[in-house]
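The values are calculated or read from the model by the stated rules, or taken from the named source; none is laboratory data. Because the structure is a prediction, the values reported are computed rather than measured. Backbone-built Cβ (ideal geometry, glycine too); neighbour counts: all protein chains shown.
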Amino acid sequence: MSAPLTLDAVVAWFETLSPESLARIGSIYAPDARFKDPFNDVRGTEAIRRVFAHMFVQVADPRFRVTERWQHERGALLLWDFTFRSRGATHTVRGASHLGFASDGRIAWHRDYWDPAEELYEKVPVLGALVRALKRRLAA
């Protein structure tokens, strides 16, 4: 039996994520793992692999950089910057991942927290103006 997966190995996998490294997803995620973000809620390594594979189709040069991390006995919190190119410009999305680990260290559940309104919608020409106006109206 191999040694349990470490948080360092998980972070290294995310920071070097590529279409080729998706073949190793079963060494990072438990077979019935759950992944949830603002756009997806899936279960199982094949469904999670499809989410990441879709990212490589949608944007150019996607890259995660973990900026901070906290670990406890059965989980971790990662703060990250996600950079990518789209429509000739480089964009950065800042977010957090809350991870729960199986007994072998693989990810049993993964929940991403980030604000699509601020990080994406506000940057779309027409939609952005509407989102910014709505935020101004709702602000205290």
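For region 49-83, which positions are of a type in the set (Asp, Glu) and in a strand (DSSP E or B)?
61, 68, 81
Consider residue 109 carefully, then state whether it is farther than 15 Å from residue 15 by Cα, surrounded by 13 or more Cβ atoms within 10 Å (Cβ to Cβ), modelled with pLDDT under 95 and touching a strand residue (DSSP E or B) at 6+ places or on another chain (Cβ under 9 Å).
Criteria not met by residue 109.
Quick one: count up the residues across region 26-36 that are surrounded by fewer than 14 Cβ atoms within 10 Å (Cβ to Cβ) and touching a strand residue (DSSP E or B) at 6+ places or on another chain (Cβ under 8 Å).
Matching residues across region 26-36 total 1.
For region 88-111, which positions are closer than 19 Å to residue 43 by Cα and not in a strand (DSSP E or B)?
102, 103, 104, 105, 106
Identify, by number, the condition in (1) loosely packed, with under 13 Cβ neighbours inside 10 Å; (2) out of contact with any Phe, Trp or Tyr (no Cβ under 9 Å at 6 or more places or on another chain); (3) among the hydrophobic types (A, V, I, L, M, F, W, C); (4) free of Cβ contacts under 8 Å to residues at least 60 places away in the same chain that residue 39 doesn't meet.
(4)
Could you please tell me which pairs satisfy a Cβ distance under 7 Å, a separation of 6+ or placement on different chains, a first residue in region 68-90 that is touching a residue at least 60 places away in the same chain (Cβ under 8 Å) and closer than 20 Å to residue 107 by Cα, and a second residue that is among the charged types (D, E, K, R) and not in a loop (DSSP other than H, G, I, E, B)?
76/69; 78/69; 80/65
Select from region 13-25 the residues that are without any contact (Cβ under 8 Å) to a residue 24 or more places away in the chain and under 20 Å from residue 103 (Cα atoms) and write down the one among them that is surrounded by the fewest Cβ atoms within 10 Å (Cβ to Cβ).
24
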